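Undergrad: First the structure, which I've put down as C-alpha cells, then a few questions once you've had a look.
The values are calculated or read from the model by the stated rules, or taken from the named source; none is laboratory data. For clarity, every value in this text was computed on a predicted model and none was experimentally measured. In this analysis, Cβ positions are derived from the backbone assuming ideal geometry, glycine residues included, and neighbour counts consider all displayed protein chains.
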Amino acid sequence: MSLSTTIARSLSVAAGTALFLVSLLAACSWRGEPSPPASTATPVVSPALGDSTPVTSPGGGTAQTTPVPPSPTATTPAPQPQPTPPPQPTATPEPTPAPHPLAAYTIDGLRSRQYPGGTIEILGTLDATDAYTRYAIAYPSDGLRITGVMHVPHGEGPFPVVILNHGYIPPEQYWPGADTWREADFLARRGYLCIAPDFRGWAGSDQGPNYFRTGIVIDVLNLISSLPSVPQADPQRVGLWGHSMGGGLVAKAITIDPRIDAAVLYGPVSAYDLDNIQKWGDGLPENTTDPLAPIYREAARDPAFIRLTSATFYFHYVTAAVQIHQGTADTVTPPEWARSIRDSLQLAGRSVEYYEYPGQGHAFQGQSWQLFMERTAAFFDTHLKGGGA
C-alpha cells in the first residue's frame, strides 16, 4: 500500500469519528435541556376573526407570527324569502235557516217574548152585592182591546187575584161572564179579586190571531202584567182557573209564566194540540183572508210542529201548583185527556191534585159542583193566602 493511500484512509476514519462525536454531543446537549415551566405554557385560545396566532418554537422561543386565516364562525343565515302558500279555501258557514213563520206561537216562542200589558180601565159598574162590586173593564193586549168583567171584594185589599177563563162558546152566543159567573161569585165572596176576560173575538174584544189557541193565552198574560193598575189587586198572588178551552189555555200559560202561583183546570181540553185539532179542526174559518192561513193549516197537520205548541211536552217549566177536576161522564173533553195532563205533570215532577166526579159531564151539577168549588177555594187559600181563609 502506498503512503498516500494510507494517509487518505486515516483522514477519512478520523473525519468520520469526529462527525460521530459532534453528533453525539449535540444529541446529549438537546436531551438535557429542561422543559418550559407549566405556568408558562401557552393556553389554547380560539383565534378571533383576523388575528395572528404566535407559534412557539421547539426551543422555547417565539417564532415569527404567522397570520391565521379567519376561522369560520356560526352565523345566522340571512332570511330567505319563503314561497307564499296558496290561499286556503275557507269553509262557507252554513246559512242559518229562517225561523218558521209560526215560531212565535210555539211554547218556546211564547216564553221568549214580552207581555207588557197596560192599564185596566173600568168602563162602568155592573152591579154591587153585599160582598163585592162587579165592573165592566177593558185592557190592552198586543194592540188589541180586550174586554171583561171584574169582581172586587169589599174592603181595603190588596186581594189575591184569580183570573177565570171561559170555555168555547160560539161567539154569537157568548156574553161577558158566561161560563164563569157562578165561580167568580163563589171566590169573590171568599176574598178573591176575580177577573173574567172576554177573549179576542168574543163579546166586545177585538179580533186577532189565535193560532193554536195561543192568542187567548197572550191576552191572559198581558192581563197579569196589567194587574198593578188596579189598587185593590195584589199582582204577587195570582191564580188561574179555566174550563174546557180555558183549561187548555191554563195548561199552556203555566208552562210560560212563572208569575202564576196556582192553577185549576176544570174539564180541560187536551194538552196535546193534535187531539184538539183532530176533534174540532184548526180553528180558522174556511173563508179567512189571513195570509198565514196556508202555512198554519200545514203546520196544524204536522205532528213534529204540533209538539212545539203543545203544553204536555213542556210541563218541566211549570212552577205553579196545579189542581184538576174531571167528570167521568164528560163526552166533550174525555177523561183520558185530564188523566194525561195529570200523568205528564207527575212525570215532570210537578205538584198536582186530581179529582174525578162520577157521573158528572162537562159542566158539574148540584153537590158535585159545590164540592168542586170548595176544593178549588181551599186550594187557592193554600197557595195564594198561605192557608188562611
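Undergrad: For segment 293-326, how many residues are of a type in the set (Lys, Arg) and under 21 Å from ARG339 (Cβ atoms)? Quick ask: steps written out before the conclusion?
TA: Quick first cut of segment 293-326, residues of a type in the set (Lys, Arg) only: 297, 301, 307.
Narrowing the set further to residues that are under 21 Å from ARG339 (Cβ atoms) leaves 307.
Selection size over segment 293-326: 1.
Undergrad: Can I ask one more? In the set ALA300, ALA293, which member is in contact (Cβ under 8 Å) with a residue 24 or more places away in the chain and among the hydrophobic types (A, V, I, L, M, F, W, C)? Spell out the reasoning first.
TA: Values: ALA293 fails: in contact (Cβ under 8 Å) with a residue 24 or more places away in the chain.
Unique residue meeting the criteria: ALA300.
Undergrad: Of all residues in segment 326-373, how many are of a type in the set (Ser, Thr, Tyr) and either assigned to a helix (DSSP H, G or I) or at positive phi (or both)? Full working, then the answer.
TA: At the first step, the residues of segment 326-373 found to be of a type in the set (Ser, Thr, Tyr) are 328, 331, 333, 340, 344, 351, 354-355, 357, 368.
When the remaining residues are screened for being either assigned to a helix (DSSP H, G or I) or at positive phi (or both), the result is 340, 344, 368.
Adding up the residues that qualify gives 3.
Undergrad: Got a number for residues in segment 246-281 being touching a Lys or Arg at 6+ places or on another chain (Cβ under 7 Å) and either buried (at least 21 other Cβ atoms within 10 Å of the Cβ) or at pLDDT below 95 (or both)? Step through it out loud before you land on a result.
TA: Keep residues of segment 246-281 that are touching a Lys or Arg at 6+ places or on another chain (Cβ under 7 Å), which gives 248-249, 256, 261.
With either buried (at least 21 other Cβ atoms within 10 Å of the Cβ) or at pLDDT below 95 (or both) added as a condition, the list becomes 248-249, 256.
Adding up the residues that qualify gives 3.
Undergrad: Next question, about the same structure. For segment 138-157, check the following and say yes or no: at least one residue is among the charged types (D, E, K, R), at pLDDT 95 or above and closer than 26 Å to ASP330 by Cβ.
TA: First, the residues of segment 138-157 that are among the charged types (D, E, K, R): 142, 145, 156.
Filter once more, so that each one left must be at pLDDT 95 or above: 142, 145.
Next, from what is left, pick out any that are closer than 26 Å to ASP330 by Cβ: none.
Checked segment 138-157: no residue is among the charged types (D, E, K, R), at pLDDT 95 or above and closer than 26 Å to ASP330 by Cβ.
Undergrad: Return the residue satisfying two criteria in turn: it lies in segment 318-370 and is β-branched (Val, Ile, Thr) and within 22 Å of ILE256 (Cβ to Cβ), and of such residues it is surrounded by the fewest Cβ atoms within 10 Å (Cβ to Cβ).
TA: By that ranking, first place goes to THR319.
Undergrad: Given (1) within 21 Å of ASP257 (Cβ to Cβ); (2) surrounded by fewer than 20 Cβ atoms within 10 Å (Cβ to Cβ), identify the lone condition not met by ALA128.
TA: Condition not satisfied by ALA128: (1).
Undergrad: Quick check on segment 166-186. Is at least one of its residues in a strand (DSSP E or B) and either touching a strand residue (DSSP E or B) at 6+ places or on another chain (Cβ under 8 Å) or surrounded by fewer than 18 Cβ atoms within 10 Å (Cβ to Cβ) (or both)? Spell out the reasoning first.
TA: Going residue by residue through segment 166-186, those that are in a strand (DSSP E or B) are none.
The answer is no; no qualifying residue exists.
Undergrad: Return the residues of segment 303-317 that are buried (at least 16 other Cβ atoms within 10 Å of the Cβ), in a helix (DSSP H, G or I) and touching a residue at least 12 places away in the same chain (Cβ under 8 Å); say none if nothing qualifies. Break it down into steps so the answer makes sense when it comes.
TA: We begin by selecting, within segment 303-317, every residue buried (at least 16 other Cβ atoms within 10 Å of the Cβ); these are 305-315, 317.
Then drop every residue that is not in a helix (DSSP H, G or I), which leaves 305-309, 311-313, 315, 317.
Passing the criteria: PHE305, ILE306, LEU308, THR309, ALA311, THR312, PHE313, PHE315, TYR317.
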